[in-house]
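Heads up, the thing below is written out as structure tokens.
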Amino acid sequence: MTLTKGQLVEVEISSIAFGGKGIGKYEGITCFVDNTMPGDKVTASLTKIKSNFLEAKLVEIISASKERCTPKCKYFGTCGGCQLQFMPYDKQLELKEQQVKDAFERIGKIENVNFSKIIGSENIYYYRNKMEFSFGYDANMKFALGMHLPNRRFDILDLHECHLESEFSAKIVNKTREFFAKKYLPPFKYTNGSGFLKALYVREGKRTNEVMINLVTSDNLPKDSEKIMKEYAEVLSSEDMKDGEKKITSIYWTMIIAKKGVRKTSKEFLLYGNKSLTEKMILENGNEMVFEILPQAFFQVNTFQAEVLYNQVVRMAVNKPQKTIFDLFCGTGTIGLFLAKHAEQVFGIELVEDAVKVARENALKNKVFNIDFFAGDVDNLLKDLKEPPSLIVIDPPRIGITEKTAKLINDFSPHQLIYVSCNPATLARDCAWLIEYGYKIKEVQPVDMFPHTHHIECVALLER
Ligand SMILES: C[S@@+](CC[C@H](N)C(=O)[O-])C[C@H]1O[C@@H](n2cnc3c(N)ncnc32)[C@H](O)[C@@H]1O
């Protein structure tokens with residue numbers, strides 16, 4: 001049988017893959033189709049043909065799954081941002097729970113794991129505290145500010161509303177577009193490095209209503225760039241940009257400096273307001289913690305669900321008396337700070353120096369004095385820590401840890417490990433390494449931090 005790209009095929013969807021694509025069979029070959037769910041029968045157009053699988057774009061739903069719902073967002077299907085919006089939220093949670101189980105079974109080859117019920121997010125819209133919007137041109141070559149379209153790196157969806165951050169953040173996007181469109185400044189082009197305007201980041205303190213804007217440009221400075229940026233800051237910080245409780249408390253301009261053959265650097269200019277954004281989080285005992293967030297620092301993007309996640313870490317940690325805790329990949333120190341009152345001392349390690357600076361400031365601000373943070377690579381710095389830990393918390397990026405990190409962790413021989421992960425596949429792989437060192441998985445607790453997307457966060461407790 002010869003298959004060709006663009007060929008229309010009929011597929012019945014029976015399950016969903018990591019990443020959110022529906023899976024069915026065409027002529028016995030596995031076929032992945034975007035925006036579909038189990039129970040859908042669809043016509044799709046082939047986009048990728050491999051010997052053992054096919055990928056196809058949804059063309060028409062012949063008969064829809066009984067469980068489909070109408071997506072709230074008018075850009076659904078075009079934007080690519082909230083792939084699961086056509087699925088009721090309880091179904092999304094079921095799907096994520098199953099995908100975590102599949103990862104442990106298929107990737108980790110680990111059996112009899114104690115999975116706790118996934119904890120859903122109370123807010124399923126307007127839950128993000130940070131969004132990035134890109135400058136460019138839309139499909140009609142009109143100046144645009146919004147989202148990169150999936151699989152088309154250079155076309156921008158000109159976004160006028162979005163249900164992920166807040167109505168206020170959409171207002172900021174619309175005002176920014178209006179302002180720069182009038183200035184006729186060119187968007188940056190990744191193809192040849194020309195142009196100026198790159199991106200707009202909007203960050204919101206969900207518990208403080210503070211808002212930080214970060215406008216990112218190239219170093220191809222147009223005439224009067226400084227004057228224009230000052231004017232932008234004046235417009236955005238004016239009275240008519242106030243929105244109920246929310247208010248813009250800082251405006252940054254970040255310039256990315258690119259020279260041929262040299263690593264990119266950046267310069268930040270504070271155009272208006274405060275150096276950092278303040279966010280608050282509530283601990284399991286009702287106490288508040290305050291965090292100062294700088295423009296480039298990592299901070300969990302769903303504040304309320306991050307509280308749930310960190311409180312799960314605390315729940316697992318307090319099972320045993322803790323003396324010394326290591327918080328690896330600690331970012332701005334949030335997990336360590338949540339744990340500090342349950343231990344004699346906590347040490348955090350984080351690659352980004354600025355994040356470590358902020359972590360220290362966060363500790364002082366919250367009057368937590370039994371914690372310290374070190375900037376550098378986990379593998380390099382772990383060797384320098386002498387005190388044996390009772391617990392090591394690991395919260396790496398999506399790629400997970402390396403076998404070397406697993407070995408270094410084992411060398412300390414802590415009784416407990418708590419692994420916080422945003423990628424079930426690498427979590428399952430890494431747990432399999434740790435099991436080889438004699439650890440047993442006591443519990444895996446999935447937490448949904450990102451409703452309507454295929455992302456899944458988990459906390460795994462390992463002991464020996
Ligand atoms: C998923 S974030 C977790 C941050 C923090 N635990 C939190 O909850 O906000 C992962 C962090 O690991 C840091 N990181 C990445 N590679 C690293 C490495 N090799 N050594 C130390 N930190 C690293 C990143 O900069 C990032 O802050």
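Rule-based calculations on the coordinates, nothing more; no lab input. Computed from a prediction, not measured in an experiment: that's the story for all the values here. Counting neighbours? That spans all protein chains shown, and the Cβs are built from the backbone with ideal geometry, glycine included.
Structural remarks
- Total charge dipole magnitude, segment 8-68, about the Cα centre, Cβ charges on Lys, Arg, Asp, Glu only, Debye to nearest 20: 120 debye
- Sorting the segments 208-215, 264-271, 244-251 by their residues' average number of neighbouring beta-carbon atoms within 10 angstrom, most packed first, yields 208-215, 244-251, 264-271.
- Beta bridges by DSSP in the chain, antiparallel share as percent, to the nearest 5: 65 percent
- Only the Cβ atoms of Lys and Arg (+1) and of Asp and Glu (-1) were treated as charged; on that basis the dipole of the chain about its Cα centre amounts to roughly 900 debye.
- P(r) tail fraction, segment 130-275 - alpha-carbon pairs more than 18 Å apart, %: 56 percent
- Gain on full extension, evaluated as 0.36 nm per residue between ASN319 and LYS41 minus their Cα-Cα distance, stands at 95.2 nm.
- Sequence ranges 338-344, 317-323, ranked by mean other-Cβ count within 10 angstrom, highest first: 338-344, 317-323
- The simple spin-label model puts a point 7 Å past each Cα toward its Cβ; for TYR137 and ARG152 those points are separated by 1.3 nm.
- Residues whose amide H falls under 5 Å from that of GLN83, counting only those 5 or more places apart or on a different chain, are HIS454, with hydrogens built in the peptide plane.
- Globularity index of the chain, i.e. its alpha-carbon radius of gyration over 2.2 N^0.38 Å: 1.04
- Alpha-carbon spread of segment 355-464, three principal axes, descending order, Å: 37, 35, 22
- Counting 0.36 nm for each residue step from SER116 to GLU403 and taking away their Cα separation leaves a gain of 100.6 nm.
- With the alpha-carbon atoms of segment 46-134 aligned to their principal axes, the span from lowest to highest coordinate is 42, 42, 34 Å, starting with the largest.
- Estimated from helical segments only, the mean residue ellipticity of the chain at 222 nm is -7000 deg cm²/dmol, where each DSSP H run of four or more residues counts as -39500 (n - 2.57).
- Given their separation in residues at 0.36 nm each and the Cα-Cα distance between them, HIS160 and ASP224 gain 20.2 nm when the chain is fully extended.
- Order by protection proxy (mean Cβ within 10 Å, highest first), peptides 451-462, 345-356: 451-462, 345-356
- For segment 1-103, Kirkwood radius (reciprocal of mean inverse C-alpha pair distance, Å): 14.0 Å
- Pairwise inverse Cα distances across segment 8-68, averaged and inverted, put the Kirkwood hydrodynamic radius at 11.0 Å.
- For the pair segment 150-212 / segment 390-464, the C-alpha centres are spaced 35 Å from each other.
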